[in-house]
Ligand SMILES: Nc1nc2c(ncn2[C@@H]2O[C@H](COP(=O)(O)OP(=O)(O)OP(=O)(O)O)[C@@H](O)[C@H]2O)c(=O)[nH]1
């Protein structure tokens, strides 16, 4: 994975520092120098690295460190924040609205993966119910139109282009106009790839932009781009108003630091990343989880943030009590997963089991979700009885998490995800006040003790609507009567 080496080097530097008995200025400097070297070796721009070092020094107060605070955590947090800052311009990009026509123009260097990414972007939105269309305004590269046509046909997305017209501005204008008339809500314009020295091509890009008045210009960038990245990206930004970035080929082994610099140069957020050549190898990008993974922290900060959200003693005493009483343990979650897998992928039923709502089993993605549940179960297979029977997440310290990841052969971030899921479920269950929580092999207790009031609290609103509100739910539960397990609950539904 791109940037993995950089992440590894930074983590090592932090580890070495935290092994020191006393963290004084010398130790901190050594650590920061090591991080600086790693960033430079990964092709991050010098000025950015220097700024980052200065900023970290500003926020890390050595007196605090001497007072026995968790040094590693403080410095790690500062490094984490700086890396996030590098990738996060602090303002979101334009977000198109379904049903309302938006023109999205793609620009980027030759071979950056622009044409592929245009189709991935269209396909991603099409799956979510949008009506996308593709316009090929790349008249520079022979074969560009054929490539777009082929991709678009495969994904059943309407496209527009020409074999004879050589003016990209004309094609772009015509295409946009046509798809607006056809009520497409996402009109994607692919332009020719260019290099910053190609003045004429930059001028052409400006003209396409002026003619089509895009709502958003996306700069597509190959993650393997090296030191030249910053200047290249800046050249694009200066010519047209780039509003978002997509980084491609994140599945490769390139150093990737250049991509970090280029993102900073455009001052625009990364919105997606490309992770392969196939149409669906495309992911929404989030800065914090990305940097966490980069530093080998898992999504630790998000996880801790959420724990604090969920378990602050003063704000949610009831939840804390539930969690610490052991009412919903990881073992119970494991058993619930077993039940789900036994039942097979039958969408709607999952919403009938408290907490196992559409979030875990999104409709249409049951197979994928099943695989995820299985992975969670492998991880739980690597847990000790103490861990499975405890509902105190504080028990799950770094070394336990690492051990579970190693034992199950899964990345740390997935263990964090699984614990995150547990936390979500524990939260839902805590709302089931007064309900007898099923013990091992006692799933039937759930359906005997549950009442419509409890159920309505945990069912997603759309399911409640489908059931006909509270009245419908009460009827359904009456019908279910003494049915002993969730499978029977399902029979009442389908
Ligand atoms: N591994 C991998 N390959 C990718 C990814 N995105 C694109 N590619 C490949 O990169 C190559 C170039 O992609 P194109 O889409 O043709 O690039 P382009 O930027 O449109 O090229 P120009 O029109 O010359 O500017 C193709 O072989 C793609 O399959 C990705 O996320 N991962």
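Net length available on complete extension from residue 149 to residue 382 is 79.0 nm, with 0.36 nm assigned per residue and the Cα-Cα distance removed.
One equal scatterer on each Cα of the range 102-294, no solvent, Debye formula: the resulting log10 I(q)/I(0) at q = 0.10, 0.15 Å⁻¹ is -0.36, -0.83. Just to confirm my numbers, what's the Cα centroid distance between the range 161-200 and the range 136-160 in Å? The range 161-200 and the range 136-160 have Cα centres spaced 11 Å from each other. The modelled label-to-label distance between residue 58 and residue 278, using points 7 Å beyond Cα along the C-beta direction, is 4.6 nm. Per the Debye formula on identical point scatterers at the alpha carbon atoms of the range 4-87, with no solvent, log10 I(q)/I(0) at q = 0.21 Å⁻¹ is -0.95.
Once the Cβ-Cβ distance between residue 397 and residue 51 is put in as r, and R0 is 30 Å, what FRET efficiency do you end up with, to the nearest 0.05? Calculated transfer efficiency: 0.35.
Quick note: the coordinates plus some simple rules give every number you see, no bench work behind them. Since the structure is predicted, the reported quantities are computational estimates derived from the model, not experimental observations. With ideal geometry, Cβ positions are generated from the backbone for all residues, glycine too; neighbour counts draw on all protein chains shown.
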